[in-house]
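Laboratory data are not the source of any read-out in this text; all were calculated from the coordinates shown. From a predicted model like this one, the values you see are computed outputs, not experimental measurements. For neighbour counting, all protein chains shown are included, and Cβ atoms are generated from backbone atoms with ideal geometry for every residue, glycine included.
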Amino acid sequence: MMYAMWSGVSVDRERSRARLRRTMSMHLWLLLGVTLLSACGRWGVAQSPAVHYDEARRTFRMDAAGTTYVLGINQQKQLQALYWGKRLGSRDQFPAAVQSPPAAAFDQPITTTPQEFVGWGGGLYVEPDLKITFPDGNRDLALQYLSHTIQGQLLRIVLKDVSREVYVTLEYTMDAETGILRRAAEIQNRTNASFTIEQVSAATWNLPRGTDYRLRYLTGRWAAEWTVQERAVQPGKTVLESRRGTTGAQNNPWFAIDRLGTGGPETGSVWFGALGWSGSWQITVEQDLLQQVRVSGGPNSFDFGYRLGKGETFKTPPFYGGFSQEGIGGASRLLHRFEVDTLLPHAPKPTLRPVLYNSWEATEFRVDEAGQMALAEKAATIGVERFVMDDGWFGQRKDDHAGLGDWYVNKEKFPNGLKPLIDKVHGLHMDFGLWVEPEMVNPDSDLYRKHPDWVLNFPGRPRTEARNQLVLNLARPDVRAYVLGFLDKLLTENDIAFLKWDYNRNWSEPGWSAVAPDDEKRVYVDFIRNLYSILEELRAKHPRVEIESCSGGGSRVDLGIMHLTDEVWTSDNTDAYDRLLIQNGFTYAYTPAVMMAWVTDSPTWVNQRTLSLEYRFLSSMQGSLGIGANLNKWGPEDFATAKTMVAHYKAIRETVQRGSLYRLITPEHESEHSVTESVARDGSAAVVFAFLHSSRELYPFPRIYLQGLDADATYTVASLNGKLATDTPERASGAYWMSRGVDVLLKGDFQAAAFTLERQSAAQK
Ligand code: DGJ
């Protein structure tokens, strides 16, 4: 109640004295608290963020890391957004929420007031958070505050419709280390009949009023994922979405908004957010008539309808939001930290990614026992830790026309099952991984012949086949049981450490004729819930098995799937130069700790571009390193280079995967240069990767100014591939590396350099 304490003046002397005594004792407590807080801050211990409710003003306040979030209940009992931004003084008091006035007769307060979660009703013209059609035809919903509970860091606020038994519980949890807020909503039907939810969001984020905002978001397509886009936020709406039944690459469910012209990549205020949902989704960024900016997000309302039965509850996926004062670079680092420390399986200590080998680009579907064993032997010589057999090992799979759905080992290719190969891989001191695509079926498969009704389709209508496959309707209980059953059997019968879980097309004709017509559109939600529950059950039953989310590349990467998988496949485009841009975009929202990056053959199948093996390694070493080249084509020099690079990677991987990323020079806007730096969490080490497209007109490579080092400490520099300028001192202060900078000798086309910095201990100084 720290905030309530500074309130009001009483005329009653006795009460004043009592208050004075209370205030003095609270001052003492406050002093003690502040002392403890600053001590904890010095010792690097994150404070558990508390939720404070000011009863007098009916405001809720949450503070953590550099962020404060405040909301209040206004006189109309609406839940109103009051503040989201830089952390405020603990004594700062928030006035009570007051509904905004109408803007003439045309825009009533329901539209002009920034609400936390607003039902579609009255004269609401901005994006609603909830729209319901009741069986009697009523479609009006007016949500009002009813009650709240605070349990530790969890704030739950219950809203209720003015007359109907519709309850909405809003959840808020702020992460202590990053100030990232997790929000979600739960809709409860306590009426006497079913109603249909036509639109529902997890949350609406309200930004301070302004006309100078810039929106960043991510777009892409197969082999060209993760392009960073920028546009001014102007009157009207920008809708980012997927209507594909899955996350998709066309847009990714992430946004970041800053104020134009307020700073560089490492300065200025940035508000950002990301949805934890792997189905069709939407994020709407809207500047309303009064220049207020709202961002709402949840499952896509297009073709959506969820009939909620009497007594049933609908829970939305989470929408995470955060604030950074350190520009877009700081926003990415907060998200990375949140993902690694809080979201990933095994957080706060997710396992470091092992160096893997994957057979796909070497053999495609032509896998067999002898061929895979030969590749495994070669992979082991360069220090690979995990050997993964990709597509082609099962059913009648010779190409992409047949076999999906038949998850038994192909006897022609593996006459003795998978065991001999797995034993061989183990004997080479690697663990074994396997490719699966559980949600798909080829019409040419035993599974389809037996269960033609298991696929998404509208009976009697044409069906779109993509890559010669159809989507199994995972929303069906029998399909869910089949998928869980075969995966469980596979993992129980074989010593498999890793599954590459692929998903190679998007939905079409999303019919589900086995349920009542009014329930068919539940498929958008039930499919994803079943996917998540299968992953949860598998993980619980096989806790040592790791899983990669792959969707023909990076088409299923979001905070929902990331909670249940250990890594993601970034893109099928493995051209090491294209990858600079792809990986750069990826890191705006997602941590390099899960960003799989393979070294493949040159010239690449993508662009026929020739790149040195060293360049290809350095490009991939910015994320989680894999090798996907055809090792049968390598000569002794290639193996020697690879062995050295893999050893270097193992030495730096903790810094790359767990450290703080600085995009020092981005490859965006056709830049000739690209530089990234990862700094260990404790500032003890850093690694820098620099890439040159082409030299021009005698210009040297731009000087590299490091960031995030301990200015007073001494760091020793070491080059990974001999490209540091000759005048680079062997050791210097963090201040030197950050202010004087480092030159690298990069000239020519497609050149790369990498170097490390290591902090000297006090004894070494
Ligand atoms: C698409 C994936 O992205 C590739 O890496 C590979 O696994 C193929 N599918 C296999 O069909």
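Summing Cβ point charges (Lys, Arg +1; Asp, Glu -1) relative to the Cα centre of region 8-343 gives a dipole of roughly 820 debye. Residues in region 57-63 carry Karplus couplings, in order, of 9, 6, 10, 10, 9, 10, 10 Hz; the curve used is 6.51 cos²θ - 1.76 cosθ + 1.60 with θ = phi - 60°, and Gly or Pro positions show x. Set against the 2.2 N^0.38 Å expectation for a compact globular protein, region 354-455 has a Cα radius of gyration ratio of 1.14. A dipole drawn for the chain from +1 and -1 charges on Cβ atoms has a positive end, and of F302, V285, T112 the residue lying farthest that way is T112. Computed from Cα atoms alone, the Kirkwood hydrodynamic radius reported for region 8-343 is 21.2 Å. Counting only Cβ charges, +1 for Lys and Arg and -1 for Asp and Glu, the dipole size of the chain around its Cα centre is about 2240 debye. Each residue of region 518-531 was assigned a 3J(HN,Hα) from its phi angle through the Karplus expression (A = 6.51, B = -1.76, C = 1.60, θ = phi - 60°), giving 5, 9, 4, 6, 4, 3, 4, 9, 5, 4, 5, 4, 5, 4 Hz with x at Gly and Pro.
Working from the pairwise distances between different alpha carbons, so that the mean of 1/r is found and then inverted, what is the chain's Kirkwood radius in Å? One decimal place: 28.1 Å for the Kirkwood radius. Remark: the Cα gyration tensor places region 664-759 in the prolate category, a/c being 1.5 or greater and a/b exceeding b/c. How would region 547-704 be classified by its alpha-carbon gyration tensor: rounded, prolate or oblate, with rounded meaning a/c under 1.5 and the a/b versus b/c comparison settling the rest? Rounded, because the longest to shortest axis ratio a/c is under 1.5. Among 571-582, 624-635, sorting by the average number of other beta carbon atoms lying within 10 angstrom of each residue, highest first, gives 571-582, 624-635. Quick check: Cα centre of region 554-575 to Cα centre of region 326-352, how many Å? Here the two parts' Cα centres lie 15 Å apart. In terms of packing, defined here as the mean over residues of other Cβ atoms within 10 angstrom, the peptides 310-321, 521-532, 443-454 line up highest first as 521-532, 310-321, 443-454. In order along region 277-285, the phi-based Karplus estimate (6.51 cos²θ - 1.76 cosθ + 1.60, θ = phi - 60°) of 3J(HN,Hα) comes to 8, 10, x, 4, 9, 8, 10, 10, 10 Hz; Gly and Pro are listed as x. Checking the cross-link pairs K349/K650; K160/K310; K419/K633; K349/K424; K349/K489; K419/K650 against a 19 Å limit on the alpha carbon distance flags K419/K633; K349/K424; K349/K489; K419/K650 as lying beyond it. Protection proxy ranking, highest mean first, for peptides 177-190, 240-253, 357-370: 240-253, 177-190, 357-370, where packing is the per-residue count of other beta-carbon atoms within 10 Å, averaged.
A straight line joining the Cα centroids of region 690-765 and region 69-123 runs 50 Å.
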